[in-house]
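Asker: One structure coming up, written as structure tokens, with questions to follow.
The values are calculated or read from the model by the stated rules, or taken from the named source; none is laboratory data. Owing to the predicted nature of the structure, the values given are computational and were not obtained by experimental measurement. FYI the Cβ positions are ideal-geometry reconstructions off the backbone, even for glycines, and counts take in every protein chain you see. Side chains are part of the model used for accessible areas, which takes the heavy atoms of the whole protein and leaves out ligands, DNA and RNA. Shrake-Rupley method; radii C 1.70, N 1.55, O 1.52, S 1.80 Å.
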Number of protein chains: 2
Amino acid sequence: MTTSESGRSGEIGEGTDQPGYLAAVTDLLGALAYGELRAFSQLARDADLAPTLRHRSALATLAAHELKNYAVLTERLQSLGVEPETAMEPFVPAVDAFHERTSASDWLEGLVKAYVGEGIAQDFYREISRYVDDATGSLVVSVLEDTGQADFAVSVVREAIAADPRLAGRLALWGRRLVGEAITQAQRVGVERDALASILVGAPGRAGADLAELGRMFVRLTDEHSRRMERLGLSA
Amino acid sequence: MTTSESGRSGEIGEGTDQPGYLAAVTDLLGALAYGELRAFSQLARDADLAPTLRHRSALATLAAHELKNYAVLTERLQSLGVEPETAMEPFVPAVDAFHERTSASDWLEGLVKAYVGEGIAQDFYREISRYVDDATGSLVVSVLEDTGQADFAVSVVREAIAADPRLAGRLALWGRRLVGEAITQAQRVGVERDALASILVGAPGRAGADLAELGRMFVRLTDEHSRRMERLGLSA
């Protein structure tokens, strides 16, 4: 990481060329990469629950897209001289725990999880990209590219609720459980990984977001989540 | 299918513009497409059995590659005016039966299955591409592009056998079971789908392979399988 790469150092504070910053970016990319790899597995499994080949193929395509993101993130780790496996390893327990505790019991739950989970992840990527150097930030934003898969999830879930309105209550509850588990595991990571947390809250020699800004970020993330639930026809 | 597209009509006989030929090509692409979609699911699941993140990511990448092939095949079906789901549906029972009867019980079995299964499929694609019109043939060959994943499987399996030579017997047996089940399901498809069978054995107004040529094809397929098993360090 050279100082010239950290063009936004005014915004993120000085010190992006410190070893501490490399550790932080390694944590960030490692967490995102393992998140994508695990999401791939999960979506591929959920695709098998699909009622038709068309639905199955749509979810499988979404899974393959996660793996493309995974490749981008691990290539970046390698270019920083970091072994991707080493960077991902610390995040395996939290990411796995999230998925184990939110194992979809049917096709619709899988689809809501794909849509809501991917949405939260993308919003979080977009937020965090503001606190890292330009090169890392652009890369993180590049894996956000919308694939139009969201429309698919929305139309399928809405159709299912129109056909059986009782589904709305169960799926709304499911959406809340997804967010709850995501927050639980994110907190666990925040406590265990000082380096990663330092991207947001700063570190000696490098400013982060102040408390007010962290509060606003949290509001933005939950607002977006509510909007996504509404688009599915569900209360947040 | 226009006559101008079937440039090899001299080789495959006249009549590639007949409705029967479209039915045959639809069957071929439908069978291959569902095979790829199902292989995707299987590899994605087997990736979860991997002992390390590096191995897991390699198998997941192989899975994503199958899905790319799937997309190529279904786009071709659509361009022929055929709904991919309709084309795939008849092959779901045989392909699913193959995978259910050859469910890998551990990571190495999954890897041998990926390598051997993909190898047989690719050899078969290559053989059958000689009996269809040029446009279909080139497309089928385009999904053969080697991804270098084979080297990965070979080195991992050989290392495992070097560390525990008793594995060789079990995995050799496993390889034979894979081929046995593949032949069983292929025969089932051949009996049930006249249109597909007609690509190989011909149809009224269109010549296929004669018996001697079919025999030679079978020899080539089994020879290649034996070579693959040898590369893994296993007896065929």
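Asker: Taking region A:44-61, which residues are surrounded by 24 or more Cβ atoms within 10 Å (Cβ to Cβ) and in contact with a Ser or Thr (Cβ under 9 Å, 6 or more places away or on another chain)?
Answerer: Residues satisfying the conditions are A:Ala44, A:Ala47, A:Ala60.
Asker: Take the conditions under 15 Å from the mean Cα position of the chain (by Cα), surrounded by fewer than 17 Cβ atoms within 10 Å (Cβ to Cβ) and small (Gly, Ala, Ser) and apply them to B:Gly180. Does it pass? Even if it seems obvious, please write down each step before you answer.
Answerer: On the way: under 15 Å from the mean Cα position of the chain (by Cα): yes; surrounded by fewer than 17 Cβ atoms within 10 Å (Cβ to Cβ): yes; small (Gly, Ala, Ser): yes.
In short, yes.
Asker: Please work out if B:Gly30 is closer than 23 Å to A:Leu49 by Cβ and either modelled with pLDDT under 95 or more than 7 Å from every other protein chain (Cβ to nearest Cβ) (or both). If you could, list the steps in order and put the result at the bottom.
Answerer: Numbers: closer than 23 Å to A:Leu49 by Cβ: yes; either modelled with pLDDT under 95 or more than 7 Å from every other protein chain (Cβ to nearest Cβ) (or both): yes.
Yes; evaluated as a whole, the condition is true for this residue.
Asker: Still on this structure, I have one more. Output the qualifying pairs, or none if there are none: Cβ atoms under 7 angstrom, residues six or more apart or on different chains, first residue in region B:36-51 and closer than 17 Å to B:Glu85 by Cα and within 9 Å of chain A (Cβ to nearest Cβ), second residue in a helix (DSSP H, G or I) and aromatic (Phe, Trp, Tyr).
Answerer: Listed pairs, sorted by first residue: B:Leu37/B:Tyr70; B:Phe40/B:Tyr70.
Asker: Now for a different question. If you check A:Ile120, A:Ile161, which single one turns out to be in a helix (DSSP H, G or I), under 25 Å from A:His99 (Cβ atoms), at pLDDT 85 or above and open to solvent by 40 Å² or more (accessible area, probe 1.4 Å)? Walk me through how you get there before you give the answer.
Answerer: Values: A:Ile161 fails: open to solvent by 40 Å² or more (accessible area, probe 1.4 Å).
Just a single option satisfies the conditions, and that option is A:Ile120.
Asker: Further question: Out of the residues in region A:194-236 that are outside any helix (DSSP H, G or I) and more than 16 Å from A:Asp133 (Cα to Cα), state the one that is most open to solvent (accessible area, probe 1.4 Å).
Answerer: To start, the set of residues in region A:194-236 that are outside any helix (DSSP H, G or I) comprises A:202-210, A:232-236.
Now narrow it down to the ones that are more than 16 Å from A:Asp133 (Cα to Cα): A:204, A:210, A:232-236.
Working: A:Pro204: 119, A:Asp210: 91, A:Leu232: 1, A:Gly233: 38, A:Leu234: 8, A:Ser235: 71, A:Ala236: 57 Å².
Step by step, filter region A:194-236, then rank; the result is A:Pro204.
Asker: Sort out which residues of region B:55-103 are more than 10 Å from chain A (Cβ to nearest Cβ) and of a type in the set (Ser, Thr, Tyr), and write them in order of number.
Answerer: B:Ser79, B:Thr102, B:Ser103
Asker: Which condition does B:Phe218 not pass, out of (1) under 25 Å from B:Glu75 (Cα atoms); (2) within 16 Å of the chain's Cα centre (by Cα), if it passes all the others?
Answerer: (1)
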